[in-house]
Structure formats: structure tokens, C-alpha cells
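**Student:** Handing you this structure, nothing more for now.
Bear in mind that the values in this text are calculations on the coordinates, not laboratory data. Because the structure is predicted, anything quoted here is derived from the model rather than measured. Cβ coordinates were reconstructed from backbone atoms using ideal geometry, including for glycine residues, and neighbour counts include every protein chain displayed.
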Amino acid sequence: MKEKENYVTKSANFLRKIENHFAEIAPRYRKLRTTDMEPILFIERELSEADRMHGADMGCGAGRYTLRLAKQLGKKCHLLYCVDKSEHMLIQLKNFFVEHGINHFKILHSDAHKVPLETDSLDFVVSFNAVHHFDMSNFLKEASRILKNKSRLFVYTRLKSQNARNVWGMHFPNFTDKETRLYELDELEHMIENTPNLSLKSIRYFEYERTSTLARLEEQAKEYHYSTFRLFSKKEFDRSIEIFKKNITESYDVNNVTWKDQNILLVIES
């Protein structure tokens, strides 16, 4: 019983740390992260035959992907629900949308496991780089509930093995060890197979050539552009970033650091 209590306390502390992270980083989040258009263009093509759709972005954050999706779909998307657990992120999203003249959206302050939407009410659901923050099995069940028959769920994420191959996984000590929330493809496939009324239609792989400077990378890490960095103690982080800087200096031109980021997009049909 004591072990269970300790686990619950540890889990609650972890969730609180992540919630505090997003509250603190919300005003500058879009400037710290990279937004890729390729998955949005792919989703647009997949939905090209539909019209006047109602959809939702789960774990929308400050809206960097959501806005681009809304603009790309245009009038085809009649209403887009922006769902996130962080009120601070949703405030940023609302301001961002208003600034860009987008008004066919509705904010929902909710986690992804129990969304205040009617059963069989949506034509599509998307999630961009967020599912590692969810209870994936419960998220899939909820997506299955709110999606209409023959509708689509699009999950854009990076796999655990892909995370290990980017510039942080290769050169930032303990980055991959700390990031335990990501999945491998077989795990995702298994959860989809075990969710009633969902089936995996296709998998799309993306690879991006990235270029940055050591100064910019150091800035991103110190600004916690990945929540992974919040999982380090201050002492661990300080030690790791010094080793990271040494690794980058020895392996690259510090003004031209290049690597490849990889992601997958799961197309799931209800």
C-alpha cells in the first residue's frame, strides 16, 4: 500500500511539474519551437473531399500548428475545437487566432481523455507532438467516441527511437533516458488495435534537415523548449549542457550545426 501511495505522489508531482512548465513557457513557446508544414499539407489532402467539417486539435498548446491547419483548411473547416489542459496556452492561442483573423474556433479547457463534446460529433481529430503527454489508451477511446463513423484521427509525433537520433538525443547527456513518455511504433499499433472502432489506415514518415547554431541550441535548452529538460535537476542540467556544448564544438562548426529530425503521422480511421 505504501509503494502505491508513493507512486501516486510521484506521479502527481510529475504532472504538476509539467503543468507548471507549460504555464511558465506559454508566452514564448511558439518562438522556441519549430513548426513543420508537411504534415498539415498531408492532412489537407486527406480531407480534400470533405466540406463544412467540425474538427478538434487535442493538446493544441499555443496554437502554432492549429492556426496553420485552420488557414490551410479554410472554409472546409466550419468549426475547429482547440483542446488543451493549460489555460495559459489557450490564452496565447486565442490571442494568436484573433491576431490572424481566425474566428471559426472554440476553446475547450480540458484534458484529452474526457472532452466535453457529443458522441459522433466530429469529422476529424488531430494531435501534433502532444500524445506523449496523454494517457494514450484513454485518448484513443475518447477520440473513437467523439468521431463520426468513417472519420479520421491524425496523430503526429516522434517515436522514442527517432528522439534518440536527433541533435539532443545524440549529444545531450541523459536526454533519451529522461524522456520516457514517448512510444515506439509497435506500442502505438497495439493500442490502436485494442481500441474499439479504430483501425490504422496508414503511416507517413517525415524527415527534416535542420540547421542551427550552438548559441541558438543553448538558448532553446535553457528556455526549456522541450519539456524533457524540466525532468533534469538543476545540477544535472548544468552538467549536461556543458557536456552538450563540448560535444557540439568537437563535432560541428558551431555556426552551422546540422542534423535530421524525424516524425511519423498515423492516419487512423473510426
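**Student:** Along the charge dipole of the chain, pointing to its positive end and built from +1/-1 on Cβ of Lys, Arg, Asp and Glu, which listed residue (MET170, ALA70, LEU198) has its Cα farthest out?
**Tutor:** Most positive-ward Cα: ALA70.
**Student:** Output needed for the range 151-270: three equivalent-ellipsoid semi-axes, defined as square roots of 5 times the C-alpha gyration tensor eigenvalues, in descending order, whole Å.
**Tutor:** 32, 16, 11
**Student:** Please report the net charge: other residues with Cβ closer than 12 Å to the Cβ of THR211, K and R +1, D and E -1.
**Tutor:** With Lys, Arg at +1 and Asp, Glu at -1, the neighbours total 0.
**Student:** Extension gain VAL254-LYS201, at 0.36 nm per residue separation less the Cα-Cα distance, in nm?
**Tutor:** 14.9 nm
**Student:** Once you sort the root eigenvalues of the Cα gyration tensor of the chain as a ≥ b ≥ c, which label holds: rounded (a/c under 1.5), prolate (a/b larger than b/c) or oblate (the other case)?
**Tutor:** Here the chain falls in the prolate category.
**Student:** Of the chain, which part is the longest with no trypsin sites (Lys or Arg not before Pro) in a loop (DSSP not H, G, I, E, B) and with at most 14 other C-beta atoms within 10 angstrom?
**Tutor:** Here the longest segment lacking exposed loop sites spans 115-270.
**Student:** Given a Förster distance of 45 angstrom, what is the FRET efficiency for VAL267 paired with GLU236, based on the Cβ-Cβ distance and rounded to 0.05?
**Tutor:** 0.75
**Student:** Something else about it: What distance in nm separates the two pseudo spin-label positions at GLU193 and GLU118, each 7 Å out from Cα along the beta-carbon direction?
**Tutor:** For the pair GLU193/GLU118, the computed spacing is 3.6 nm.
**Student:** List the GluC sites (Glu not before Pro) within the range 92-169 that fall in a DSSP loop (any state other than H, G, I, E or B) and whose Cβ has at most 16 other Cβ atoms within 10 Å.
**Tutor:** GLU118
**Student:** Using Cβ counts within 10 Å as a stand-in for footprinting exposure, how do ASP123, ASP238 rank, fewest first?
**Tutor:** Ordered by Cβ neighbours within 10 Å, fewest first: ASP238, ASP123.
**Student:** Pull out a ≥ b ≥ c, the square roots of the eigenvalues of the alpha-carbon gyration tensor of the range 221-270, then state rounded if a/c is under 1.5, prolate if not and a/b is larger than b/c, and oblate in the remaining case.
**Tutor:** The shape class here is oblate.
**Student:** Determine ³J(HN,Hα), in whole Hz, for all residues of the range 262-270 in sequence, where each value follows from phi through the Karplus function 6.51 cos²θ - 1.76 cosθ + 1.60 and θ = phi - 60°; x replaces Gly and Pro.
**Tutor:** 10, 9, 10, 10, 8, 9, 10, 9, 8
**Student:** I would also like to ask the following. Give me the extension gain from GLU99 to ILE243: residue separation times 0.36 nm, minus the current Cα-Cα distance, reported in nm with one decimal.
**Tutor:** That works out to 47.8 nm of additional length.
**Student:** Which three semi-axes in whole Å describe the equivalent ellipsoid of the range 110-221, each the square root of 5 times a Cα gyration tensor eigenvalue, listed largest first?
**Tutor:** 31, 14, 14
**Student:** Here are some pairs, LYS85/LYS150; LYS178/LYS234; LYS106/LYS178; LYS85/LYS235; LYS106/LYS201; which of them have Cα atoms lying more than 25 Å apart in this structure?
**Tutor:** Long pairs (Cα-Cα over 25 Å): LYS85/LYS150; LYS106/LYS178; LYS85/LYS235; LYS106/LYS201.
**Student:** Under 14 Å from a point placed 7 Å out from the Cα of SER48 along the Cα-to-Cβ direction: which residues of the range 198-231 have their backbone N that close?
**Tutor:** No residue qualifies, since no backbone N sits under 14 Å from the label point.
**Student:** I would also like to ask the following. Show the residues, 5+ positions off or on another chain, whose built amide H is closer than 5 Å to the amide H of LEU159.
**Tutor:** So LEU159 has HN proximity to ILE264.
**Student:** Taking θ as phi - 60°, what are the ³J(HN,Hα) couplings along the range 107-124 by the Karplus curve (6.51, -1.76, 1.60), each to the nearest whole Hz, with x for Gly and Pro?
**Tutor:** 8, 10, 7, 7, 7, 8, 9, 8, 8, x, 10, 6, 4, 6, 10, 10, 8, 7
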